[in-house]
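The values are calculated or read from the model by the stated rules, or taken from the named source; none is laboratory data. No experiment lies behind these values; they were computed from the predicted model shown. Note: ideal-geometry Cβ built from the backbone for every residue, glycine included; neighbour counts use all protein chains shown.
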Amino acid sequence: MKVETNFAPELQALSQSLLLEKYAQQGESSVAAIQARVAKALASDEHQERRFQETMRLGFVPAGRINRGAGADLAVTLLNCFVQPVADTISGHIDGQPGIFEALREAAETMRRGGGVGYDFSGIRPAGARVFGTASDASGPLSYMRVFDKMCETVNSAGNRRGAQMGVLRIDHPDIERFVDAKKLPDLAALGLDERSSELVLGLLRDQPAFAWAFRGAFATLSNFNLSVAVTDEFMRAVESDDDFDLVHSAPPSHECATKVLADGRTVYVYRTVKAKVLWEQIMTNTYDGAEPGVVFIDRINWDNNLRAVETISAVNPCGEQGLPAYGCCDLGSMHLSRFVREPFTGEAAFDYPGFRRAVAGAVEMLDRVLDVSRWPLPEQQSQARSKRRIGVGYFAMGDALAMLGLRYGSEASVAFVDRVGREMRDAAYEASVELARKFGAFPLFAAEEFLAEGTFASRLPARIKDMIREHGIRNSHLLSLAPTGTIALTFGDNASSGIEPIYALSQVRSVRQKDGSRVESTVFNAAYRAAQNALGPKVDPTAFPTVADLTVDDHLAVIAAAAPLIDAGISKTVNVPANYPFADFAGVYLRAWKAGLKGITTYRENNVLLGSVIAAGSLPAAAPPVTQSMVPQESGAYSAMERRCPSCNAMTLVKKAGCDGCDCGYSACDVS
């Protein structure tokens, strides 16, 4: 019996059109067809191919680049993002790191093959530093970032995808204030507008989202970058105690200044000394008004790193969920949590942990294979990836799954669920990686005592898993990452909530960028809400589906605090803040995040005037467009298919309402009921 897992009839119009545009190859019109291609491309034999298909049918969704490129006749990479080094020289290399314009070339090559790029620009000497070779003064990192910004705007990324970039600068870099203000929108009065004219412009920005986007792109420099400040523990302690803070660099300035020796033994020049609280308030003000820059707690990232003995991380990928070394990559995929909820919207609703663990194990195997079959934009990226074999299994539809289970996002019960899911995913992933190491060997740079040294993420694993690692090694240095998953949640999940986020709104108006740069608005409904209407009828209580508008800052922080200790890489999570949230409380969110040991934090305070939202809450009609079978796979044959649990192997399996075709394990479908 040929069974096709075809979700196409159930997807909303926008989800279906984007699925085909972003991921389908010629002749493909369904999720099932994409999954079949991906499984065949990644597998080394037919048995593994069937395992990969089952893994995706259970609920694993590889990241976008894998779905787009695996098995396709395209010269693209299967990795979503990379971190690229940039050295303090115009050309050539310093200590093996490429100079600015060589780094620009490498980034362009990476981007045109489909990969986003993150950079640490801290090595570039500050504006005003002495350039002895030409007897001139340096222009600073921001001037070169503008060159990278224009490159990103010019180079088309593979597969109908805009180029993505993350720019990082250390908090102690002498140009940090300029960096923090780099995407600050202009003061309309400073542009020569009187109060009445300013109000007219603000009204246009408020009422015309397309104009708001164009306005931001025209006036905000570095519009093709996300920006994050790499904040150190030393700086945060100085903020707490209201101390002075030195801005330093290894390159000498054009003026006389003092030097100091850092903890790592390097001698640096002290360009200026500032009040830590004043600099912190500048960061907070820009973030409060314009959502950038984000903050990454770089010391926490490095201390927690399983490979801290052999690498130092100074930058993150464009969405911030992966701190990576030079030439490191994001090899990602996410579990669709809604697919593991049994008897949703009822008093018997439960999460299928055995099925979840089985899918996680399959996901680890799939992502490990990606590293062997992917095309690589640069040989340095391939070398880095295969020496450490970093992967990132995560999840999406957390908000949907909680609603299906009757749990309010941010409640004690939801926090307990997030913790349980995280532990199950962590343990299943690490156990699966050990099993792969038994078959194929540990990653080349593996050293048990360094990997399990006090403070690393691996040192906090259960004792039995640490014993397994000591005995057999482990295939992958890192295994877990919670990415934003916006597009795969919209397409493969029919607009499920993304990543670890709550449901944004039950009805959403999405601004979709077209190939010509214009934007078209489309309305879509939340997947869990549609599923509830299908199961319970049109009179579903919307209050059973808490959205961003219903949640407090504490709700967001409670969920991320529960998830973070169980993720070895990082989490992309936005803390939504009401427009009227007091500034002092807003700044306190970041202090709380640092004290809680988070690796970073991003906030968004509603401000459509200046930002131009990609998603906005829409109005809710009496009934959302129903689905026919609530994401249950459909058979391509004479009979409809149903999902049942196999009593032999405990897998969820597709069986006919008639006939004796059964589970992959060999159990007869006649007995599966």
Is at least one residue of the stretch 354-362 surrounded by fewer than 23 Cβ atoms within 10 Å (Cβ to Cβ), within 17 Å of the chain's Cα centre (by Cα) and touching a residue at least 24 places away in the same chain (Cβ under 8 Å)?
no
Scanning the stretch 502-533 for residues that are under 29 Å from ILE560 (Cα atoms) and either assigned to a strand (DSSP E or B) or touching a Lys or Arg at 6+ places or on another chain (Cβ under 6 Å) (or both) gives ILE503, SER507, GLN508, VAL509, ARG510, SER511, VAL512, THR523, VAL524, PHE525
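Taking the criterion of being of a type outside the set (A, V, I, L, M, F, W, C) and either closer than 23 Å to ARG592 by Cα or surrounded by 14 or more Cβ atoms within 10 Å (Cβ to Cβ) (or both), would at least one residue in the stretch 186-196 satisfy it? Steps first, answer last, please.
Keep residues of the stretch 186-196 that are of a type outside the set (A, V, I, L, M, F, W, C), which gives 186-187, 192, 194-196.
From the residues that got through so far, the ones that are either closer than 23 Å to ARG592 by Cα or surrounded by 14 or more Cβ atoms within 10 Å (Cβ to Cβ) (or both) too are none.
Among the residues of the stretch 186-196, not one is of a type outside the set (A, V, I, L, M, F, W, C) and either closer than 23 Å to ARG592 by Cα or surrounded by 14 or more Cβ atoms within 10 Å (Cβ to Cβ) (or both), which makes the answer no.
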List pairs: first in the stretch 449-473 and outside the structural domain of TRP303 (by TED's automatic domain parsing) and without any contact (Cβ under 8 Å) to a residue 24 or more places away in the chain, second in a loop (DSSP other than H, G, I, E, B) and surrounded by 13 or more Cβ atoms within 10 Å (Cβ to Cβ), Cβ under 6 Å, 6+ apart or cross-chain?
SER459/LEU452; LYS466/LEU452
So ARG513 clears everything in (1) basic (Lys, Arg); (2) buried (at least 22 other Cβ atoms within 10 Å of the Cβ); (3) at pLDDT below 90 except one condition, right? Which one?
(2)
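Quick check, is GLU348 part of a loop (DSSP other than H, G, I, E, B), under 30 Å from ARG57 (Cβ atoms) and in contact with a Gly (Cβ under 8 Å, 6 or more places away or on another chain)?
no
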Does the stretch 404-420 contain any residue that is within 21 Å of the chain's Cα centre (by Cα), crowded, with 20+ Cβ neighbours inside 10 Å and under 19 Å from PRO62 (Cα atoms)?
no
